[in-house]
Amino acid sequence: MSDSCGSKVIEFYQDSVVMITGASGFLGKVLLEKLLRCLEARKIYVLIRRKRDYSAQMRLEQILKSVLFDRVRSETKAAKGLFDKIEAVEVNFERDDLGLEPALRDRLRSEVEVAFNLLASVNFNEALDQALETNVECTRRVLNLLSGARRIKSVIHVSTFYSNCNRTIIEEKIYDDIGFGGYDNIKNTFAKLQDDHKQFLSPVVLGTFPNSYTFSKKCAEVVVRDKFGHLPVGIFRPPIVTSSYREPVPGWIDNFNGPSGMVVPLSQGLYSAALLDPKKKPFIVPVDFCVNALLMCAYDVSKSSVVTKTIPVYNYTDDSNLWTWGQVINGFFSGLGPIRKLVAKYFTGTITVNPIRYAICKRIMMFQAFCLDLVRTFTGKEKIMQRLFSKMVTLSEVLRFFCLNDWKMTNANIRRISDEMSPLEAELFPLDIRKIDWTEYYRNFVPGVIKYAVQPRTPRSSPSITERKLKESKLRETKKLNSGLFYLLWSSVFIIALKIFKNLFNKV
């Protein structure tokens, strides 16, 4: 895009210097891709920590090799020049100075104009003190860096819609009812305790919060308000973020968190059970719409900071035209092939609100995994199915709170932004969840998970046509063999048992 075309949003990002934390995460990758492909930022600083033997630069290079950035490479003549705008900054988030050299720290403070803090740990089972360290203290250190930024126009801290999930109605405001004397008192108390005492005290501190993740994100919002109100900062709250709707390609996803993990067994013709209420309505948003809203909110913060000192909060959700969990699951089924759809709907897919029934279903899933590992042993393959199914069961159990409850909310700020967008901005940054064709979206969901998460393309140098054909041929033969072995096993062991099981418990 050569000019701002009369758009104040495009003009805001044009020739700007952007900083991103959490760019190695699902949402962060899509944000980075959108900035490169659609906006003419002058520089993008990506703060990345070293991971094992991989430096920040090496991790960035791996990210940019992903299929996610294929559209940037194919549609942009000067793709290399765009990638050269990105600078990996190796940081240590555990240090107060982030491990930055003074000269680099001063350069960031003198250049950065727009910042997105996506850094977070989404491990719901993490110890409370560790969750507070990552989601609160690391945020504090990043915002301390930005407090000295001399050209800063907008800072967006990405929280979660569920940061106040202990309430039935969630408004666009910061709730500071942390209890126990506030966050600082909790932090100081935990710093003096031994691990076993922390473990004993954590459930008391969490109270009605389902896990350390949601509680720590609530604490982070309060810290942002109390310590960094002098910054032009806003808080962005997305709900469950899932695969892309349109950009850069439909169905892109790179993880098995949330619904994507739930559909993997069904996509492979395996038995799967979920503890959820089919009548409840989940808040789900595609990642590309979420990024568009994120970019628009950053521009809105730059305007709001001039008018008011109140920190704006953006609930990126909408309670109109919501599907129930039952409708969502049926939407997932529509993306399966005819045979697997039939098998999943009547045999291999179970959803229940009954914990006793779910406990029985878990045993069936683990017995299935045991049988599949036996087949893998006989065919000379590594036994991995029990480990994978154990992870899936754990995922289902940590998500049960969000699958058995629903919430009411307000989103006046998001709707205002949507209403104020020009036709060009609405086309470039579509964010109105009400305009999504959910039937189409859920139909493409399972194929997207299979293509991009189950069978992702390995980043490498461009293979020859012969290599690609050979690889595709081997993949087809492997899939045929695995499918044949599986259905032989399944038909002989499970189908009749599952039919009897469903007849016995269909009224439970």
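The values are calculated or read from the model by the stated rules, or taken from the named source; none is laboratory data. Please read these numbers as outputs of a predicted model, since none were measured by experiment. Because the Cβ atoms are built from the backbone with ideal geometry, glycine has one as well, and the counts that use them run over all protein chains shown. Side chains are part of the model used for accessible areas, which takes the heavy atoms of the whole protein and leaves out ligands, DNA and RNA. Shrake-Rupley method; radii C 1.70, N 1.55, O 1.52, S 1.80 Å.
Per-structure values
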| quantity | calculated |
| --- | --- |
| Number of the condition not met by Leu201 [criteria: (1) in contact with a His (Cβ under 6 Å, 6 or more places away or on another chain); (2) open to solvent by 10 Å² or more (accessible area, probe 1.4 Å)] | (1) |
| Residue in segment 215-270 that is nearest to Arg73 (Cα to Cα), counting only those that are β-branched (Val, Ile, Thr) and under 14 Å from the mean Cα position of the chain (by Cα) | Ile253 |
| Matching helices (runs of 4 or more DSSP H) fully within segment 97-167 where at least 2 residues are of a type in the set (Asp, Glu) | 102-111 |
| Of all residues making up segment 310-344, the number that are closer than 14 Å to Ala274 by Cβ and basic (Lys, Arg) | 0 |
| Hits in segment 69-89 - residues which are farther than 26 Å from Asp300 by Cβ and either open to solvent by 80 Å² or more (accessible area, probe 1.4 Å) or part of a loop (DSSP other than H, G, I, E, B) (or both) | Arg73, Ser74, Glu75, Thr76, Lys77, Ala78, Lys80, Asp84 |
| Filter result (among the aliphatic types (A, V, I, L, M), within 30 Å of Ala369 (Cβ to Cβ) and open to solvent by less than 50 Å² (accessible area, probe 1.4 Å)) within segment 392-422 | Met392, Val393, Leu395, Val398, Leu399 |
| Test for Ile235: is it in contact (Cβ under 8 Å) with a residue 60 or more places away in the chain, of a type in the set (A, V, I, L, M, F, W, C) and within 23 Å of Met19 (Cα to Cα) | yes |
| Residue in segment 186-196 that is under 30 Å from Thr350 (Cα atoms) and not in a loop (DSSP other than H, G, I, E, B) present | no |
| Single residue of segment 353-368 satisfying the filter (surrounded by fewer than 20 Cβ atoms within 10 Å (Cβ to Cβ) and under 24 Å from Asp406 (Cα atoms)) that is nearest to the chain's Cα centre (by Cα) | Val353 |
| Single unsatisfied condition, Ser320 versus (1) buried (at least 16 other Cβ atoms within 10 Å of the Cβ); (2) modelled with pLDDT under 90; (3) touching a helix residue (DSSP H, G or I) at 6+ places or on another chain (Cβ under 6 Å) | (1) |
| Scope segment 157-172; condition within 18 Å of Met296 (Cα to Cα) and either touching a His at 6+ places or on another chain (Cβ under 9 Å) or surrounded by fewer than 21 Cβ atoms within 10 Å (Cβ to Cβ) (or both); matching residues | Glu172 |
| Among residues of segment 329-339, those that are buried (at least 18 other Cβ atoms within 10 Å of the Cβ) and either touching an Asp or Glu at 6+ places or on another chain (Cβ under 9 Å) or not aromatic (Phe, Trp, Tyr) (or both), counted | 4 |
| Segment 4-15 residues that are surrounded by fewer than 15 Cβ atoms within 10 Å (Cβ to Cβ), paired with ones that are part of a helix (DSSP H, G or I) and at pLDDT 85 or above (beta carbon under 7 Å, 6 or more apart) | Cys5/Leu424 |
| Single residue of Arg141, Arg105, Arg95 found to be among the charged types (D, E, K, R), more than 27 Å from Cys38 (Cβ to Cβ) and open to solvent by less than 40 Å² (accessible area, probe 1.4 Å) | Arg141 |
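Results for (1) over 30 Å from Lys218 (Cβ atoms); (2) among the aromatic types (Phe, Trp, Tyr), shown as yes or no for each residue.
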| site | (1), (2) |
| --- | --- |
| Trp325 | no, yes |
| Val328 | no, no |
| Leu336 | yes, no |
| Lys341 | yes, no |
| Ile351 | no, no |
